[in-house]
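Peer 1: First, the structure itself, so that you have it in front of you.
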Amino acid sequence: MWHENTVFSSIMFILENFYYLSGIALFLIGIKQITLSKKQSKTKHEREAVTLSIKQSEIFAREISNLAVQIDKVLIDAKIDLSKVIESLPKESKSPFSIPKTICYKTLNEIQKKKKLDEYLELANRLEAFSTYFVTGVAHSETAYKTLGRLYCHYIVLISPVLTSLKSNQNSFLHINELYNLWKNKLEAEKATEAFILASSKDKQHFDTLGTQ
């Protein structure tokens, strides 16, 4: 137990330092874009927001996804299913910011053993930088959501041990928290609508069948 606590403390030290050093740089890039865009007219801003959304989506597909695939493989090999972990939580705690500490330790330990901790932390910070554009309105959220909504939410689940481990810092991953909740709720609403339409279609077929008997 002493060894596990020591290892976990070491990992947490790396997490916090990496987050502050790389996160600040990425966030400043987002803030620079925000400042420039707010000076534009509304029409031009909307056009630029869509363009920037497309650009960020391309970066997401090319660079962020490459990091996520590496982490996904580590978790699959280790038989760690973070989606199931989150689904098993009480409704009020069903969040990638609230997974059990034991799961955080297990996941971070596996990532470290595979020498992927740098990639894992970079993935978390890149997702925070990506989220900043859409939460602030600099990039058009709906444009990106249509193609990336489901995948984005999956990637946030992948980094849930980082989010949970650093949530005591109130300034950590605020934009991820907001965009994830927005897109996750949209996905769930769409799923509920699809289920309703399917159920209605089955009911109609049932009554149509009864009518021909």
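Peer 1: Suppose R0 equals 30 Å; then what is the FRET efficiency for E58 and L89 from their Cβ-Cβ distance, rounded to the nearest 0.05?
Peer 2: Efficiency for this residue pair is about 0.35.
Peer 1: Express in nm, to one decimal, how much length is gained between E178 and T51 on full extension, taking 0.36 nm for each residue of separation and deducting their alpha carbon distance. Intermediate results must be reported in sequence, preceding the final value.
Peer 2: Details: separation 127, 0.36 × 127 = 45.72 nm, distance 2.18 nm.
Gain on extension, E178 to T51, equals 43.5 nm.
Peer 1: Quick check: pseudo-label points 7 Å beyond the Cα along Cα→Cβ at K44 and R150, how many nm apart are they?
Peer 2: 3.9
Peer 1: Once you put a point 7 Å from the Cα of E142 and another 7 Å from the Cα of E194, both along the Cβ direction, what distance in nm separates them?
Peer 2: The two pseudo-label positions are separated by 2.0 nm.
Read-outs: derived from the displayed coordinates by stated rules, not from any lab. All figures in this text were calculated on a predicted structure; none of them were measured in a lab. Here Cβ is always computed from backbone atoms with ideal geometry, including for glycine, and neighbour counts include all displayed protein chains.
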